[in-house]
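So the structure is just underneath, and the comments pick up after that.
Here, each number is a calculation from the coordinates, and none is a lab measurement. Remember, it's a predicted structure, so these values are computed and weren't measured experimentally. FYI the Cβ positions are ideal-geometry reconstructions off the backbone, even for glycines, and counts take in every protein chain you see.
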Amino acid sequence: MAERAIGLEAGRRATADDPVEIRWAETLARGVEAISEEVRVLSPRPGVYRMLDAAGAALYVGKARNLRKRVSAYTRPGRLPPRLHRMIAETQSLEVITTHTEAEALLLEANLIKEHKPRYNILMRDDKSFPYILLTADHDWPQLLKHRGAQNRKGEYFGPFASAGAVNRTLLTLQRVFPLRSCSDAVFASRTRPCLQYQIKRCAGPCVGRIDAGPYDEIVAQARAFLSGKSRGLQQRLSRQMEAASQALEYEAAAVFRDRIRALTEIQAHQDINVRTLGTADVFATAQQAGQTCIQVFFYRAGQNFGNRTYFPAQARGEPAERVLGAFLGQFYADKAPPPLILASHRPQGVDLLAEALSLRAARRVRIATPQRGGRRKLVDQAVDNARDSLGRRLAGSEAQRRLLERVADLFGLDGPPQRIEVFDNSHISGADALGAMIVAGPDGFRKGAYRKFNIRSTDIAPGDDYAMMREVLQRRYARALREDPGREGGAWPDLALVDGGPGQLSAAAEVFADLGIETLPLVSIAKGPDRRAGRERFYMAGREPFTLPPDDPVLYFMQRLRDEAHRFAIGSHRARRSKAIRRSPLDEIDGIGARRKRALLNHFGSASGVARAGLADLETVEGISKTVARRVYDHFHGEP
């Protein structure tokens, strides 16, 4: 059996003097065994597989032309990189979805990776949707506006733009060229006189009849033509109209056309590189250095540069640029239609399959090219230069962060620069709606995806007992860590635990660590100094005298940021919980009262307090409330059995 072979191989490496190696070999062998059990019943069809941990969370998502053959490769971890060794060791079960083709499997894989964000996949780090310009078509008088999110409104969408700033700048100039309304339908319907936009010549005033439908529709058509890349013909037409108005001695009209031509020229002059023959395309460039990868994306629509955006994929260390780019492209287009042409600095891994999958998503042919010369190569080279510059700036910041973390390690006696710092704080109002919060930071800054909040469950805690709350939070956090990763191989254990508070919080945390048998995790508490003044914080550690740092020490500023972020997260979570509790109705506590019956009762009596005061006979008269339900509601408020 493969699992036995790997166990024996690991056992030969381990000795009685190396218990950590022995535990690791046993854990890896258990993961191989779990995968081997699943391989026996797998289909040879195309599909997607998900490796799951003990809690059912996705560790890794992959696609395969032959599921049985692909997954069986994980039973031979000696041929896989160390990153996947850790994944196999944590695997407890497997979920599989079969598809008709490998291209469909690739699309499904990208969707699942974007949804679940498995910790062992190469991940596109991005939580922002792209803005578009929308030319509406659901009103007699169309409008131009910025749009972000689902494209449900009827109209034409132009983009994507790299940022809201790029959209705003373009819209501002477009309004000078095409004076279409930008107000909402409600404002449009209620206008009785022209607004300021009309006064400054950025709206034609259709709301008050200053322009007829025919000329307005012509402006709409011109805006559509420009945004579709037909700007040259538009400029020629505007030029002819300007000359005709001038010859007819209509100088004000000629000046309007002149201003529109100038604004069009201004829009095009803002493009860094304007390749009119390019049409619609996205340009991807990859740069790698010091184990990090940067991907730069430029958007070209109708020969115009709509801006660029920078990405730093996670879990890409040690992976070749071709593999990173291939994984990135699938996720990038998981929620947006790809353009007809994609230019790339490197040939993505599985480029033919990727092009087929993206063509399926777009319902038309999508071509992925790696140009070697000409104007398109210049575009790619420009993107590569931007990627290298962005990566250089990030590495410079990372170097400063590394030196800072080295000083943190020296200050608190750590074995090395901490890769994961966990910070804890509590929030409540006189003990009500109490919760604890944990934030996580590392070399790349705050890791908000790892933040956690803990609703205080214990009923034995006295209101406002911060020490007891801290004990419950830490006990729950690290008891789970001990269950799920006792060997500390999964990367979820911190190198430093920081609690907000003084010696009391430190003692409470130390008690929890002692009860759980955690002996090697450094623990620090940070308390504000006299009069709770920032800059005079005192640090407490077991076996050391309390100490402070100079006000201008970068480590002090760093620790303040950690403490303040934990406080912000705790306060924000507490406010959200309190607001939810305020919105909760007493009717929600009654069994059998769902949304429909709740609405009927509130509509009939006006409020929950009105329902509480109502008599049984009154409750029975409410539509949809039976005698049994009325009795249940009455007994709830009047305390009868």
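Compute the helix-to-body angle for 503-516: its Cα long axis versus the longest principal axis of the chain, expressed 0 to 90° and rounded to tens.
The angle comes out near 70 degrees.
Helix 466-484 sits at what angle to the longest principal axis of the chain, using alpha carbons and giving 0 to 90 degrees rounded to 10?
The angle comes out at about 90 degrees.
Write down the percent of antiparallel bridges among all DSSP beta bridges whose residues are both part of the chain, to the nearest 5.
Roughly 75 percent of the DSSP beta bridges within the chain come out antiparallel.
Once each part is reduced to its C-alpha centroid, what is the distance from segment 162-185 to segment 496-522 in angstrom?
55 Å
Can you give the FRET efficiency to the nearest 0.05 for D381 and R596, using r as the Cβ-Cβ distance and R₀ = 51 Å?
Computed FRET efficiency for D381 and R596: 0.25.
For helix 321-332, what angle does its Cα long axis make with the longest principal axis of the chain, in degrees from 0 to 90 and rounded to 10?
Helix 321-332 sits at roughly 70 degrees to that axis.
Give me H100, H574 ranked fewest to most by other Cβ atoms within 10 Å of their Cβ, as a rough exposure proxy.
Lowest count first: H100, H574.
Normalised by the number of residues in segment 125-218, what is the relative contact order in percent for Cα pairs under 8 Å and 6+ residues apart?
Once divided by the residue count of segment 125-218, the mean separation gives 24 percent.
Given Cα pairs under 8 Å that are at least 6 residues apart, what percent is the relative contact order of the chain?
Worked out over the chain, it gives 8 percent.
Beyond a 24 Å Cα-Cα separation, which of these cross-linked pairs lie in this structure: K63/K336; K114/K378; K63/K114; K114/K448; K114/K154? Display every interim value, and only then the final one.
Numbers: K63/K336 20 Å; K114/K378 31 Å; K63/K114 14 Å; K114/K448 16 Å; K114/K154 27 Å.
Over 24 Å Cα-Cα: K114/K378; K114/K154.
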